[in-house]
1. Have a look at B:285, B:269, B:208, B:179 and point out the one that is away from chain A (no Cβ under 14 Å) and in a helix (DSSP H, G or I).
2. For segment B:202-212, indicate whether the set of residues that are hydrophobic (A, V, I, L, M, F, W, C) and closer than 20 Å to residue B:85 by Cβ is non-empty.
3. What helices (runs of 4 or more DSSP H) completely inside segment B:1-113 contain at least 3 residues that are within 30 Å of residue A:48 (Cβ to Cβ)?
4. Hey, any hits in segment B:76-87 for a residue that's within 29 Å of residue B:127 (Cβ to Cβ) and facing chain A (nearest Cβ under 9 Å)?
5. So which of B:176, B:92 ends up being among the basic types (Lys, Arg) and closer than 23 Å to residue B:79 by Cβ?
6. Taking segment B:28-37 only, how many residues are crowded, with 23+ Cβ neighbours inside 10 Å, at the interface with chain A (Cβ under 8 Å from one of its Cβ atoms) and not polar (S, T, N, Q)?
7. Does any residue of segment B:4-27 turn out to be surrounded by 19 or more Cβ atoms within 10 Å (Cβ to Cβ), closer than 22 Å to residue A:94 by Cβ, touching a Phe, Trp or Tyr at 6+ places or on another chain (Cβ under 6 Å) and more than 7 Å from chain A (Cβ to nearest Cβ)?
8. With respect to residue A:17, is the statement that it is more than 8 Å from every other protein chain (Cβ to nearest Cβ) and more than 15 Å from the chain's Cα centre (by Cα) true?
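What follows draws every value from the coordinates through simple rules; no lab data is involved. Just so it is clear, the structure is predicted and the values come from calculations on it, not from any experiment. Every residue, glycine as well, gets a Cβ built from its backbone with ideal geometry; the counts of neighbours run over all protein chains shown.
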Amino acid sequence: MEKAGWDGFEIGAMLRTFDGAIQNIATTLPEDRAYSQSSSFTASVADWRIEKPLFNKDYCIDCQFCWVFCPDMSIISRDKKMIGIDFDHCKGCGICVEVCPTNPKSLLMFPEQKDEESALVEWPKKVKKEKEDEVGEE
Amino acid sequence: MSEIKKIKNLKEFSTSADRFEGANLLCPGCAHSIIVREVLNATNDDLILAASTGCLEVCTAVYPYTSWDASWIHIGFENGSTAVAGAEAMYKALKTKGRLKQPDRVPKFVAFGGDGATYDIGFQWISGCFERGHNMMYVCLDNEVYANTGGQRSSSTPIGASATTTPAGSVSYGEKKNKKDMVAIMAAHGAPYVAQVAPNKWKDMVAKIQKGFAAEGPVFINAMSACTTEWKFAPEDTIAISDLATDSLVFPLYEIINGTELNITYRPKNIIPVRDYLGAQGRFKHLFKKEYSYLIDEWQTRVDAKWEQLQRREEARV
């Protein structure tokens, strides 16, 4: 999208999120919305990441924990199914990986440069339960 | 009255279309946006929002961007509540005069503020809104510190926490005053609904937000917001820390209806010691030195006493 320069913005303190009108925003999914360039949706924070989460749908049980706890609206869920990650807005915090309950986890953090195919190949296998994974409790 | 959105389980909740956008500048792992999402997704109605100065405001409205897909306004540090109250008064006036363009659409009025804007700077304004009885909701994102300006203590900062204006060291153990009980203060206004919520208990939170939206009159929600930067823990542990807070009863989850009927909405199966909650955060690190370890016992006593008091209030219905 062509972006306006520093002097190209509308004068005033009001920013319009959309181009044109949307009748019912609460039921309009992001792909059907016409975001204007004032919406931060059109920006990216991908360069904040050192590690990125990758998603293996073979193990996913669609519990949606990652969706509800993602602080950056970066878990894409449609029709009650988790379908992917929005890498423009993901800041790589890792909450989705921590809350993932499956064994092995269906979301894992990888270095930013890692390509998805090789990550899927070396995905850890199911481990026999010996001790509970103590998340964040030291 | 508009219909209440049906949210039976998390799968159903996940079909919500977010009205809060990514690429805001909140820290990775910030609980603020988890709370905001859970509040906004709890309804399908139109929203009129305001935010007081704080992390949420400075990070979601960085010119030329806005992260809000609803009418949103920011004025000052103290008056997020009155901005929304003014909009609500205008809405009522237009409705009475029959000048609303879409009278069948009933918007929800929500103000967001940090604990600085709620407990300290905006307190008088919020109190005024509650006294006048505006039909609005005030959500306090309580991270117990002025995180936006660099971690100064607020009146929400608990005893023993090291903040930049109450640093822990050889002569001091950090903050010396206990946290203000804002929930009780707001309930004392006689508000129809006052509740304490935590983002990790999403179902409890959504139920409370919906009850708040259904109530007629001012509603106060105190939302615990774990702050990865100022509480000093790793960004991925936000939910784990929130779990520790609710399970150790440092943040008990309860609601107060009409200022008198107190209901405890979450009773942890295993109550964990407060020591675990304190130990997980860098701001309480110094309490584990020998000379300050008595503070941990005091913490536990205080939390137990508060829990005891809540249970008594629930039983006595006062």
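1. Working: B:285 fails: away from chain A (no Cβ under 14 Å); B:269 fails: in a helix (DSSP H, G or I); B:179 fails: in a helix (DSSP H, G or I).
The conditions single out B:208.
2. Start the filter on segment B:202-212 by keeping residues that are hydrophobic (A, V, I, L, M, F, W, C), which leaves B:202, B:205-207, B:209.
With closer than 20 Å to residue B:85 by Cβ added as a condition, the list becomes B:209.
Scanning segment B:202-212, I find at least one residue that is hydrophobic (A, V, I, L, M, F, W, C) and closer than 20 Å to residue B:85 by Cβ, so the answer is yes.
3. On the way: elements: B:10-13, B:31-40, B:55-60, B:80-97.
Ranges flagged: B:10-13, B:31-40, B:55-60.
4. Within segment B:76-87, none of the residues are within 29 Å of residue B:127 (Cβ to Cβ) and facing chain A (nearest Cβ under 9 Å).
5. Numbers: B:176 fails: closer than 23 Å to residue B:79 by Cβ.
After ruling out the rest, the residue left standing is B:92.
6. We begin by selecting, within segment B:28-37, every residue crowded, with 23+ Cβ neighbours inside 10 Å; these are B:29-37.
Then keep just the ones that are at the interface with chain A (Cβ under 8 Å from one of its Cβ atoms); that gives B:29-34, B:37.
Restricting the remaining residues to those that are not polar (S, T, N, Q) gives B:29-32, B:34, B:37.
Result for segment B:28-37: 6.
7. no
8. Values: more than 8 Å from every other protein chain (Cβ to nearest Cβ): no; more than 15 Å from the chain's Cα centre (by Cα): yes.
Considered against the rule, which asks whether it is more than 8 Å from every other protein chain (Cβ to nearest Cβ) and more than 15 Å from the chain's Cα centre (by Cα), residue A:17 comes out as no.
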